[in-house]
Each structure stands twice: as structure tokens, then as C-alpha cells.
Amino acid sequence: MKSLAEWNTSATAPVAPVSVLGRVVAILDGVKESGGPISITELAGRTGIPKSTVSRLVAEMVDRRYLQRDDGGVTLGLRLFELGARAILPRRLLAAAAPVIRALHDATGERIGLWVQQGTDMVSIAVVVGRLPMLPTCAGMRSPALTTASGKAYLAFCADQAVVRRVSAPLISSAAHAFLDELDQVREEVVAVDREISYPGILAVASPVLGADRNVVGALSIAAPSGSMDAGHLAPLIRSAGTAVTRRLAAA
């Protein structure tokens, strides 16, 4: 039970960290704990750091993608996911996909990727190398959801239309309609194709992975040199692989 003195004492203002690192960590914690976009003024109040200092540090962190600007303020950025990709991998998805990825790679010899959606990008959480040494091979690689096969496979089954609108926002009206028509086709075929749009000389096909609740959680992709592989040949393989991972997730 609070004493009379405690009831009459106002809340203690947050003690502002002194070091630059301490301030950066305090800002990141403040953004994380906000649960959504937070303004510079709110961050200054949460952390006790002067508003001008918060504004300057946030601008630098946005430039380096540790934070990103959103409607109403700032949110955590993709760089944090990239740096911690191997430490915070979605383990259930990886565990369900691992044997399927190995079998798909054994069958094709091509580059296999497992992707999740972050902002307007797809971020790889697993990669098996094929005949494309020019692409990065580590987890955390980012590719635009708008053009990649993995992005279109994810977006076609994404129930949150705000995500689809955000990704397709750069398109002019006619291109936006064509993009939505393409997503309709992906839903019908359960396969998305990227013919050298994202990366010259590379053909990619992808299929969605659904969680136990039937909501899309990621996408599985095959990428190969476009001159030596046909999308029609790869489509049934990737469709079957995506279905297999979905079933394994449901059974987990």
C-alpha cells in the first residue's frame, strides 16, 4: 500500500543517458516499446533526451535504415532485422522448410531461397547456393517485393491490403492495375514469376508458404540463369515445395 508521501510524489522524469550509444539504445527501446509509429516529441518524453538531439539521432538512424519513417512517426527499420537475422530467425518456419529446401536443391541444383516480408521488401532467412554466384548468399539479403517472384507470391496471398497498397504505391495507375491483375493470376496458379525484372539474366519462380492459420507467412523461391531454365519446368516444383512447407507448418 502506498504511503501518503508516495501518493503526493509526482512521477520521476526519465534520466537521459549521457553517451551517444546509450542515447541510441534508449531511442531504439522507445520505438520498440511504442508498439507503432512514434513521434520525435514522444520519444524525447520517453527517453529524457532533448528533442533536438532525438531529431538528429533519428535522422541518422533513418539514413542507415535502423529506423524508418512512417505515418505518424518512426518505426524500427530493416537494418535491425538484417544484422540480427541469424540470431532471431523464425525457427518454426526454418525447421519446417529445411528438408524441403534440401530436396528442392538436390532436384534442381539451383539457388533456393526462403523469404519473409518486411516493409516493402522481402528478406531472405535461408539461402542455398546454386549457379548464381553473383548474388549474396547470406541470410538477410533484401529484394523489392514489388518486382521479385517471392514478393509477388507473398502479396498475392496477403490478407492485409494495406501492405499491398504500400508496396505498389510507386506505380502509376495503369501499372498498378496490371500489378493487381498479375497478383490475381498468381493466386490462381499459386506460382509467381520474375523474368529478369529484378536482376538481369535471372529467372525466378516462387510459391507462398502459409501458416497453420492459413495466413501467408513467407515464400519459397528458385532462381536460375534465365537462358538455361524454363519457368514452366520450375513452376510445379516450387508449387509442390511451398505446399509441403505449409503442411509441415500445420503439423508442427
- Go through (1) within 24 Å of L146 (Cβ to Cβ); (2) modelled with pLDDT under 85; (3) under 13 Å from the mean Cα position of the chain (by Cα); (4) not in a helix (DSSP H, G or I) one by one and return the number of the condition L80 breaks. (4)
- Task: Mind listing whichever residues of the range 36-69 are farther than 20 Å from V18 by Cα and assigned to a helix (DSSP H, G or I)?
- Result: V62, D63
- Item | the range 42-64, residues that are under 14 Å from T75 (Cα atoms), touching a helix residue (DSSP H, G or I) at 6+ places or on another chain (Cβ under 8 Å) and open to solvent by 80 Å² or more (accessible area, probe 1.4 Å) | E42, R64
- Message: Every residue in the range 29-72 that is polar (S, T, N, Q) and closer than 25 Å to V163 by Cβ, please.
- Response: S34, S39, Q68
- Given the conditions (1) exposed (fewer than 12 other Cβ atoms within 10 Å of the Cβ); (2) of a type outside the set (K, R); (3) assigned to a loop (DSSP other than H, G, I, E, B), which single one is not true for A16? (1)
- Looking at the range 220-230, is at least one residue more than 21 Å from the chain's Cα centre (by Cα), open to solvent by less than 10 Å² (accessible area, probe 1.4 Å) and at negative phi? yes
- Message: Against the condition among the aliphatic types (A, V, I, L, M), within 20 Å of L210 (Cα to Cα), touching a strand residue (DSSP E or B) at 6+ places or on another chain (Cβ under 6 Å) and part of a helix (DSSP H, G or I), how does A126 come out, does it pass?
- Response: no
- Message: If I ask for residues that are open to solvent by 10 Å² or more (accessible area, probe 1.4 Å) and among the small types (G, A, S), which ones from the range 242-252 would you list?
- Response: A244, A250, A251, A252
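The values are calculated or read from the model by the stated rules, or taken from the named source; none is laboratory data. None of the values given here were measured: they were computed from a predicted structure. We place every Cβ from the backbone using ideal geometry, glycine too, and count neighbours over all the protein chains shown. We work out accessible area using only protein heavy atoms, side chains counted, and drop any ligands, DNA or RNA first. Shrake-Rupley method; radii C 1.70, N 1.55, O 1.52, S 1.80 Å.
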